[in-house]
1. Could you work out how far the C-alpha centroid of segment 368-383 sits from that of segment 1-69, in angstrom?
2. Mind pulling the angle between the C-alpha long axis of helix 201-214 and the longest principal axis of the chain? Nearest 10 degrees, somewhere in 0 to 90.
3. Under a Cβ-only charge scheme (Lys and Arg +1, Asp and Glu -1), can you give me the dipole magnitude of the chain about the Cα centre, in debye to the nearest 20?
4. Please state the charge dipole magnitude for segment 253-396, taken about the Cα centre, from unit charges on C-beta atoms (+1 on K and R, -1 on D and E), reported in debye and rounded to the nearest 20.
5. Dividing the alpha-carbon radius of gyration of the chain by 2.2 N^0.38 Å (N being the number of residues), what value is obtained?
6. With angles folded into 0 to 90 degrees, how steeply does helix 87-96 sit against the dominant principal axis of the chain? Use alpha carbons for both and round to 10.
7. Among the DSSP beta bridges whose two residues both lie in the chain, what percent are antiparallel, rounded to the nearest 5?
8. Out of the total accessible area of the chain (probe 1.4 Å, heavy atoms of protein only), what percent is carbon and sulfur?
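The values are calculated or read from the model by the stated rules, or taken from the named source; none is laboratory data. This one's a predicted model, so the numbers in the text were calculated from it and none came from an experiment. All Cβ positions, glycine included, derive from the backbone under ideal geometry; neighbour counts span all protein chains shown. Surface accessibility is based on the protein's heavy atoms, side chains included, excluding ligands, DNA and RNA. Shrake-Rupley method; radii C 1.70, N 1.55, O 1.52, S 1.80 Å.
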Amino acid sequence: MSGEKNLKVALLGCGTVGAQVARILLEDANELAARSGAGLQLIGIAVRNLDAKRDAALPQELFTTDAPGLIAQADVVIELLGGMEPAGEYITAALSKGASVITGNKALIALKGAELSALAAQHGAQLRYEAAVAGAIPILRPIADSLAGDHITKVMGIVNGTTNFILDAMDTTGAAFDDVLAEAQALGYAEADPTADVGGHDAAAKAAILASLAFHTTVSSEQVWTQGITEVTAADVAAASAAGYVIKLLAIAERADAGISVRVYPALVRRSHPLATVHGAFNAVFVEAENAGDLMFYGAGAGGNPTASAVMGDVVAVARQIAAGAPLPNGSVSQAPRLLDFEAIDTRYWIGLSVKDQPGVLAAIATVFGEHGVSIESMSQQVDAEAGAQLRILTHQGTEAALASTVEALTALDAVHCVLSVMRVEGN
């Protein structure tokens, strides 16, 4: 392409995703230049260990341990190191010198995204992070660009492949949580320490990013109410299935008249809902907008090639803006809605109780619900010779505070042995 601008690209990190990004930059250089309107020259790859084994055959002369020196030469910096530091320091240095940054660092963006976006705008640079939320799935650009003229009312998604693999396997095989987790670790879907995934923290970071973009506000992962899947039992999954539901770990950002709520928890989803059909380690994000209606984005949520695709989409978008000489704004917060307390949100409960098998039990339980202003939608009873009588109660919509106080009151009833489980219900 005659007279095209040549952009120097620095890559920080060469793990599973970074190696594939480097490969694409080298192998598809001519095609990328044609799409971008600018040449993309990979000038170096900063790594911690020069001798580590890589997932792709890459020229050894590109590798360096001098990340700051590489950043100083770059027009575009791709950060795939992960973690808060030194990634945060490197991104700040790049943006401060006017270099645009592409990152997949969900933890950093969830905590400091607004601060880094402001820094990018101050120095005429771009900050993009499509790969931070759902791997190959293009969800952030559609929210920020395609739906910019609409009002998004809810974003609800399966954004962690590890937990979806576990819950899906529990649903299809009837296995217990610990057994499926061990299988996920053996297959490489779960880390040796799976806390970030099964505790919901990974999904919370992604929920914060989605909420910030969807509602033009600033939400950090620390503000996301989070519950993981470690307490989900095989009995819960079986009972949900019998009632026509599947259990999924959901990241939810929702707009109400009084403000917005952002939360992560395992929830029952009716099998007819599109999110119920997401199997294995795949991800999906369901978006509800006033004018566009219901939309779902589905695909691979992790892996070297899928995530590299998301990174390279951002690289091309940034290169186009630089080549055109008119970078897009990084977004702004205007009339930011209030973040609601978790107790104020409206939800539905699915409650499992172990109760005495005697007359008057159902009446006593129904009285507790009535006293707290919570309406019962349906109730099913199962009597087992060993487990005794068990109730599964599905409620109508109510505030989290009212529903939680109902459960607390149920535990005090003489007729109730114990509360087996409490889960929320999402979707229509």
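1. For segment 368-383 versus segment 1-69, the Cα centre distance is 60 Å.
2. Relative to the chain, helix 201-214 is tipped by roughly 70 degrees.
3. 1080 debye
4. Here segment 253-396 has a charge dipole of around 360 debye.
5. My calculation over the Cα atoms of the chain gives 1.10.
6. Around 50 degrees separate the two axes.
7. 70 percent
8. Roughly 49 percent, rounded to a whole number.
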